[in-house]
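Below: one structure, written as structure tokens.
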Amino acid sequence: MARPRKLPRDAALAEALLAGLAEGVTLRKLCRRHGVAASLVQRWRLEDKDFARRFALAREAGFEAIAEEALEIADDDAEDVVTKEKSDGSVSVAKNPDNVARARLRVETRLKLLSKWAPGKYGESAGSDGPDWSARLAAARARVLRGR
């Protein structure tokens, strides 16, 4: 595997990373995709307050994307049932426990990580008494994509 590049801050690369974060892609995966070291991005965050602010907004929007993805996984029952043709020509329908278990693991992993990353919103004590997060996250996502 090729070593990640150490580059000066590139505006186009920074925008690509922020857009990916806002979509819920991990920083690690984005860095591999673009061939840069995660430590370089962390240095950008420390050295540039505006980038750090936009990074935080992108992460916040990304958490919402991950939560939405967990809901999509939970709702997807396409492979939860398998049909088999019996020797007499009849068809039997049975649950696919492997697929159900895998989907459960994927959902639980995402929700557990969200509860650690953003406990105020996704933790056990997160309630409906807090601020309107959906409007705030929509605004954050729009700001990240606009570059502000």
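Below, the figures for the structure above:
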| item | result |
| --- | --- |
| Straight-distance crosslink candidates among lysines, where the alpha carbon sits under 28 Å from LYS86 and sequence neighbours closer than 8 are dropped | LYS95 |
| Most mobile of ALA103, ALA94, ALA74 in a GNM of the chain (Cα contacts under 10 Å) | ALA94 |
| Charge-dipole axis of the chain as Lys and Arg at +1 and Asp and Glu at -1 on Cβ define it, positive-most pick from ALA142, SER90, TRP44 | TRP44 |
| Label assignment, percent of Cα pairs over 27 Å apart derived from the structure, set [x] 28; [y] 62; [z] 40 | [z] |
| Degrees, to the nearest 10: 97-117 long Cα axis against longest axis of the chain | 30 |
| Choice from ALA101, ALA78, ALA58 showing the highest fluctuation, given a GNM over the chain with Cα pairs closer than 10 Å | ALA78 |
| Over region 50-96, equivalent-ellipsoid semi-axes from the Cα gyration tensor in Å | 46, 7, 5 |
| Helical contribution to [θ] at 222 nm, DSSP H n ≥ 4, -39,500 (n - 2.57), averaged over the chain, rounded to 500 | -21000 deg cm²/dmol |
| Packing-based exposure ordering (other Cβ within 10 Å, fewest first) of ASP80, ASP75 | ASP75, ASP80 |
| Fluctuation leader among GLU85, GLU124, GLU47 - the chain, Gaussian network, Cα springs under 10 angstrom | GLU85 |
| The chain: angle of helix 49-75 to the longest principal axis, Cα-based, in degrees nearest 10 | 0 |
| Over 28 Å between alpha carbons, listed pairs LYS29/LYS49; LYS49/LYS121; LYS29/LYS84; LYS49/LYS116 | LYS29/LYS84 |
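Every number here is computed from the coordinates shown, using simple stated rules; none is lab data. These figures come from a predicted structure and were not determined experimentally. Don't worry about glycine lacking a Cβ; one is built from the backbone with ideal geometry, like all the others, and counts go over all protein chains shown.
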